[in-house]
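See structure below.
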Amino acid sequence: MNQNKTNRYMPLLLALCVVLGIVIGTFFANHFSGNRLNIINSGSNRLNNLLHIIDDQYVDEVNIDSLVDKAIPQILAQLDPHSVYISAKDAQIASDDLKGSFSGVGIEFTIREDTIHVQNVVKNGPSERAGILAGDKIVSVDGKPFVGKQVTNEEAMHRLKGPKDSKVKIGVLRYGFNKVQYFTVTRGEIPQHSIAATYMIDDNTGYIRIKNFGETTYAEMLIALAKLSQEGFTNLVIDLRDNTGGILTSATQIANEFLPKNKLIVYTQGRKSPRQEYRSDGHGSYKDIPLVVLINEGSASAAEIFAGAIQDNDRGTIIGRRSFGKGLVQQQIEFPDHSLIRLTIARYYTPSGRCIQKPYKMGDETDYDQDLITRYEHGEYFSQDSIKHTGPAYHTSIGRTVYGGGGITPDIFIPEDTLGMTSYYKKAAMSGLILQFAFTYTDDNRLKLNNFKEMMSLSDYLVKQNTVEQFASYADKHGLQRRNLMIGKSHKLLEQYINSRIIYNILDEEAWNEYLNLDDPAINAAKRVFANHAAFPKAPQKKTAAKGKQKIALNRNSHYDYRPLHANYTYIANA
């Protein structure tokens, strides 16, 4: 009986199967004809399918991983200037830049004439313990020659860096020796300090230069402040010039040391990122010390966050030139192959509510990359009147006017010093000849120069050696024709640049900074601020009328006056 029912319905089942087959066949014919893959008509699937088709059907063999490495940056470039892709081979270097250390041999080097020249050796580091000296020329690594066109910064770091406690055999040519000297170096953790200098400018003023904000910057800052405390500082200059930023947390931790309780430091907000605030907890140890922060067009990101927090809370005086204008927050996302992207997910906002990100067009990085050059051509480095504020006006806690949409504008403007600038100096600097001469001079005179342990004594000695004249002769032999009139006009600039690099080669980065700061206009402006007891900004005075005229400082067509006034800018009109 059951079998009869099955036989009765069998024609109907067969008919349904045929109809279903026709429908499915028609669907696939319409959607997959011409090798089109439209299972899901989305951009991500089109990319995946494109790579699959290339891998499966392209005329030649293709390295798909390499293709992806080239394609991803182009995709991210359509978003904003700071969303970037970092390949797996570069990811470690990118991470080392923000970490407090890396594993290596512990040298600073420069490549000249296809050879590695050891410029400095890290004190108490692996190379120093092994016997390598500044001035040595590395000619082999692990028994293989390492000279010629194969010598690049990337390849040198690849061969010299390595896991902690691993060994590398380095062959060097040393001054005074005819044969190659060999040293076995046991790699170790090499500290990367983000604070380049800590010293007393005068009897009362401490100075700290922060190169970038990394994982160890806050700890380094506490050590630097403790050192200055032992020397009795009562004023503080924090130098953030050319500080390109780094880790947000480090900047907020340091700002916390100088702000009263519950002051907003910065907040972030994005389309998918709810507002997140960073506030001071009141536990900072330096909430009342007079403070000056130095910035310039090279100060970006976390450096701008710190400067903005100090300015908007009226906690200190900002001196220098308008900062870079990087106010986008990136989140780092790692792929399984250890490559990664840094994707913009939010914007930074200073306490007054301003976004310091300068304008950009999605997918067009040309104008953005040329911004600093445009500022220079527009005259902004030389006159504060030339600054273009693209964002709305905001107000600090006491009512001073500040602007968003393009960096932090300083309270006291310091024009770039062009006195003594000539085409000869520009060519000498841009060609690298000054750096080459400084290293050659250091190498040839290292035994004598090593006797100097203090910056001032070495500086005085170099002045007596007339290094500018020696450089002019060196440069003339290397393609830069002598121009005596220009050399005379640029003598001070040339001497400072040449001698600073020799001081760096022989002593250290702190001595180099101390030398450059000896007659620095921004440092001198900071000293005047402290001398006038004017580090804490004053509230703007109300406009008052007298005989139909306003008695108020004007910000136009004026002379520079570095004494801070109530206004946001510090130069005043001629009465």
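The values are calculated or read from the model by the stated rules, or taken from the named source; none is laboratory data. All values derive from a computational prediction rather than experimental measurement. A quick note on method: Cβ atoms are made from the backbone with ideal geometry, for glycine too, and the neighbour counts reach across all protein chains shown. Note: accessible area is taken over every heavy atom of the protein model, side chains too, but ligands, DNA and RNA are not part of it. Shrake-Rupley method; radii C 1.70, N 1.55, O 1.52, S 1.80 Å.
For Tyr424, the conditions (1) open to solvent by less than 50 Å² (accessible area, probe 1.4 Å); (2) in contact with a helix residue (DSSP H, G or I) (Cβ under 6 Å, 6 or more places away or on another chain); (3) under 28 Å from Ile116 (Cβ atoms) are fulfilled apart from (3).
Which one of these is open to solvent by less than 50 Å² (accessible area, probe 1.4 Å) and on the phi < 0 side of the Ramachandran plot: Leu160, Leu79, Leu67, Leu133? Being open to solvent by less than 50 Å² (accessible area, probe 1.4 Å) and on the phi < 0 side of the Ramachandran plot holds for just one of Leu160, Leu79, Leu67, Leu133, which is Leu160. Looking at this structure, is Asp444 free of Cβ contacts under 8 Å to residues at least 40 places away in the same chain, under 17 Å from Arg501 (Cβ atoms) and loosely packed, with under 14 Cβ neighbours inside 10 Å? So Asp444 fits the description; yes. Residue by residue through segment 152-162, note down the ones that are out of contact with any strand residue (DSSP E or B) (no Cβ under 6 Å at 6 or more places or on another chain) and in a loop (DSSP other than H, G, I, E, B). Selection gives Thr152, Gly162.
Only residues that are in a loop (DSSP other than H, G, I, E, B) and open to solvent by less than 60 Å² (accessible area, probe 1.4 Å): list them for segment 427-441, please.
The one that is in a loop (DSSP other than H, G, I, E, B) and open to solvent by less than 60 Å² (accessible area, probe 1.4 Å): Gly432.
Pairs meeting the criteria (first residue in segment 233-250 and over 16 Å from Ser95 (Cβ atoms) and free of Cβ contacts under 8 Å to residues at least 24 places away in the same chain, second residue in a strand (DSSP E or B) and small (Gly, Ala, Ser), beta carbons under 9 Å, at least 6 apart or on different chains) are lacking. Report yes if some residue within segment 77-86 is touching a residue at least 12 places away in the same chain (Cβ under 8 Å), touching a Gly at 6+ places or on another chain (Cβ under 7 Å), closer than 26 Å to Val151 by Cα and not in a helix (DSSP H, G or I); otherwise report no. No, there is no match, as no residue in segment 77-86 is touching a residue at least 12 places away in the same chain (Cβ under 8 Å), touching a Gly at 6+ places or on another chain (Cβ under 7 Å), closer than 26 Å to Val151 by Cα and not in a helix (DSSP H, G or I). Considering Gly406, Gly399, the condition of being surrounded by fewer than 16 Cβ atoms within 10 Å (Cβ to Cβ), among the small types (Gly, Ala, Ser) and assigned to a loop (DSSP other than H, G, I, E, B) is satisfied by Gly399 alone. Evaluated against (1) of a type outside the set (A, V, I, L, M, F, W, C); (2) at pLDDT 90 or above; (3) more than 24 Å from Tyr497 (Cα to Cα), Gln384 falls short on exactly one condition, (2).
Among the residues of segment 370-396, those identified as within 26 Å of Pro540 (Cβ to Cβ), part of a loop (DSSP other than H, G, I, E, B) and in contact with a helix residue (DSSP H, G or I) (Cβ under 6 Å, 6 or more places away or on another chain) are Glu380, Thr396. Across segment 508-541, the qualifying residues are those that are in contact with a helix residue (DSSP H, G or I) (Cβ under 6 Å, 6 or more places away or on another chain) and assigned to a loop (DSSP other than H, G, I, E, B), and the one among them that is nearest to Phe233 (Cα to Cα) is Ala535. Please determine whether any residue of segment 166-187 is open to solvent by 30 Å² or more (accessible area, probe 1.4 Å), within 20 Å of Leu507 (Cβ to Cβ), under 24 Å from the mean Cα position of the chain (by Cα) and not basic (Lys, Arg). Scanning segment 166-187 turns up no residue that is open to solvent by 30 Å² or more (accessible area, probe 1.4 Å), within 20 Å of Leu507 (Cβ to Cβ), under 24 Å from the mean Cα position of the chain (by Cα) and not basic (Lys, Arg). Taking the numbered list (1) more than 23 Å from Lys427 (Cα to Cα); (2) open to solvent by less than 70 Å² (accessible area, probe 1.4 Å); (3) part of a helix (DSSP H, G or I) in turn, Phe452 passes all entries but (3). Of the residues making up segment 140-147, none is touching a residue at least 40 places away in the same chain (Cβ under 8 Å), in contact with a strand residue (DSSP E or B) (Cβ under 9 Å, 6 or more places away or on another chain) and not in a strand (DSSP E or B). Determine whether Ala29 is within 30 Å of Lys211 (Cα to Cα), modelled with pLDDT under 90, assigned to a helix (DSSP H, G or I) and out of contact with any helix residue (DSSP H, G or I) (no Cβ under 9 Å at 6 or more places or on another chain). Taking the combined requirement at face value, the residue does not satisfy it.
Does Ile487 qualify as being among the aliphatic types (A, V, I, L, M) and within 25 Å of Leu173 (Cβ to Cβ)? In short, no.
Among the residues of segment 164-219, those that are among the charged types (D, E, K, R) and not in a strand (DSSP E or B) comprise Lys164, Asp165, Arg174, Lys179, Arg187, Asp202, Asp203, Lys211, Glu215.
When each of Asp519, Asp508 is tested for being free of Cβ contacts under 8 Å to residues at least 24 places away in the same chain and surrounded by fewer than 17 Cβ atoms within 10 Å (Cβ to Cβ), the lone residue that passes is Asp519.
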